[in-house]
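Reading through the structure tokens given below for one structure.
Values quoted throughout were computed directly from the atomic coordinates according to the rules given, and no laboratory measurement underlies them. Worth saying up front: this structure is predicted, and the values here are computed from it rather than measured. Virtual Cβ from ideal backbone geometry, glycine too; neighbours counted across all protein chains shown.
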Amino acid sequence: MISPRTLRGALAAYACIAGITPARAQQSRRPLTVADMRRFQQVSDARMSPSGELIAYTISSVDSAHDRSSGDIWLARWDGGRALRLTYGDGDEHSPRFAGSDRAISFLSSRGDSHDSDQLWLISTDGGEAQKLTSVKGGVDDYSWSPDGKRVVLALRDSSADADSAPHPIVIDRYQFKHDIEGYLDDHRLHLWLLDVATRALTQLTSGNHDDMMPEWSPDGSLILFSSKQQKDPDRSDNWDLYVIAPTAGATAKQLTHNDLDDADPQWESRSVWSPDSREIAFLEGGPDSLLYFALQRLAIVPAAGGPVRVVTSTLDRSFVNPAWSGDGKSIYAALEDDGATILARVPREGGTVTRVLDGRRVVAAVASAGSYVAIIQSTVTHPDELFAIDRDSARQITSANAWLSDIQLAEEEPITTKSKDGTDIHGFIMRPVGYKSGTRVPTILRLHGGPVSEWDYGFELSWQLLAAHGFAVVGMNPRGSSGRGLAWAKTIYAHWGEKDVEDVLSGVDYAVAHGIADPERLGVGGWSYGGELTDYVIASDTRFKAAIAGAGIGNVLAGFGTDQYVREYTDELGLPWKNLEAWLRVSYPFLHADRIVTPTLFMAGDQDYNVPLQNSEQMYQALRSLGVETQLVIYPGQFHGLTRPSFLADRMQRYIDWYGKHFGGSKR
């Protein structure tokens, strides 16, 4: 680790190379460092009390002693009164819910559990010791309280072999047999159970060869809502539907949505919500299986008694997430994704004009409501997620979890529009280095987002800020295939990965060079997940980059068949390899034409990744090693698709900086 004194000297010495003025570099606010990563706190899980006057939320921070992220439950008043930290356990506390009133909050935590499984705990909003409500084998996956606070509906996985018993052979007979984090999948499904809080008695509510997820108890207490796939073989479809069931043993669930669409899919982590009068349910309606992840998420409403679904955002070619009812039940708040921003919108219950309540350069990550009160979690380019109250359609900040950033000199982000090879307008962003001097060319990194149906946006992006703090300009484009610009835009790359999207992202590099920002001799590229895959496509198509970093990507899609969690999606999009080999070969060109690659490339992956397994990075590494192209493979043990161990996250970021710095310069901090 470089000391602050050495840091200042290195920064001044680098000024001429990177285009950073010594005067700005020596301002009282210092640049961000990799060591600062452990100081960040993340605000999430906002939930409002029945009265709306209180907000429970989670603040997660780095537990350096155990090298993990650990969350605690906090309580704040909507009106901005002093926040109260409720938990101080050595476990990870998360998923707070009010227990039927403003007087108590529940949460999930593995504290004290011998198998590290989440159990349900309850604590007074006045503070004190939490009491454990469950000790169920396998832990609690999800839950929702009855309005009177006397019962809880739990989502529990069917019992399996005791974790302390000897290992058993893994017998597989499911169509989709693996999933990241969960590992190999068996027939133990998630089902709903009722917990009587007074007696601790558990009663099973649902069963069957399917998962029942995201339970929500109705405000009048008469029904429980949940999402499920109850086709003959749920593994072969993403056709989720909404169901309701009475909270009584032996009750039969009633299906509310009857279509071939992806309704209330849990993967969006966007819960369906009851209207205040318990008569209707707002949810996200996706598309048919054939559209996969390219489909829009539209805001829809279905009667709780059953009946036609009405889409209330059908006139807008954009996706919504995180619906929340207004107190009077006349409208629904939701986060609206629109071309690099995610804003707070409001939609009439019967449909109609979408009101942009909070517009502009922001990313709303969560929306919560109760009564006449509304709260959101949002970030901007220079401010990580914080909790805000919505007061007269304006945002009033409640938390300041990262106040220390006021001493840090952060970089700003500028939206840009470029022309792709075929003349299409491509939108994206450019971030100049901290202390950038106008007219100076600097080393520049083309960062590629995952998905592919995702986007770079106006939110806080730590990796960009750290690269900018180390003398790099960062360019991020939202090519065709990204979200935020409608269905047709996203569908452009359907079964044609690495074609139009390659041309689109390269236009961002051309822009930065043409505008005198990027040094054409010092260009890098990199990304994670589909960003890693797109990196492979880019370096197999363009030789101008001096260094590349492909994280958790794939260059040989054909060889990946059946080895990851996407067998259904890939088969729907590309067909079966033995019936449509041409499509599989077309998207595998980075490996099949690896001899076109000359860029020194760093490959990275977690060894437990079942999303885009390690073998895909190994194959690309081996290909370049065989060709004599400079390459390196870094494997993070015990990590899934998304790294979680803080020391590994810091290691990865430092390797980004070092790999690019080694091949075309960058400041050292």
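The order of VAL629, VAL311, VAL302, going from fewest to most other C-beta atoms within 10 Å of their C-beta, is VAL311, VAL629, VAL302.
Rounded to the nearest whole angstrom, the semi-axes of the ellipsoid equivalent to the range 44-135, taken from the Cα gyration tensor as √(5λ), stand at 22, 15, 10, largest first.
What's the whole-number percent of alpha carbon pairs in the range 136-242 lying beyond 17 angstrom? Write down the numbers at each step before the final one.
Working: 3357 of 5671 pairs.
Here the tail beyond 17 Å accounts for 59 percent of pairs.
How many percent of Cα pairs in the range 138-197 exceed 19 Å?
Values: 787 of 1770 pairs.
Percentage above 19 Å: 44.
Here's the picture: charge each Lys and Arg Cβ at +1 and each Asp and Glu Cβ at -1 in the chain, and of TRP217, HIS470, ALA300 the one pushed furthest to the positive end of that dipole is HIS470. With only Lys, Arg, Asp and Glu charged, each at its Cβ (+1 for the first two, -1 for the last two), find how big the charge dipole of the chain is about the Cα centre; round to the nearest 20 debye. It comes to approximately 2040 debye. This ranking places MET620, MET214, MET37 by how few other beta-carbon atoms lie within 10 Å of each, fewest first, which gives MET37, MET214, MET620. In a simple Cβ point-charge model (Lys, Arg +1; Asp, Glu -1; nothing else charged), the range 230-379 has a dipole of about 540 debye relative to its Cα centre. The local environment of LEU643, defined by Cβ-Cβ distances under 11 Å, has a net charge of 0 under the rule Lys, Arg +1 and Asp, Glu -1. Remark: C-alpha extents of the range 387-523 on the principal axes read 46, 38, 22 Å, sorted largest to smallest.
Note on LYS579, LYS254: ascending count of other Cβ atoms within 10 Å places them as LYS579, LYS254, the fewest first.
If you average 1/r over all unlike Cα pairs in the chain and invert the result, what Kirkwood radius do you get in angstrom?
Hydrodynamic radius (Kirkwood, Cα only) of the chain equals 26.3 Å.
The label-point distance for THR199 and VAL598, in a model that sets each label 7 Å from Cα toward Cβ, rounds to 7.7 nm.
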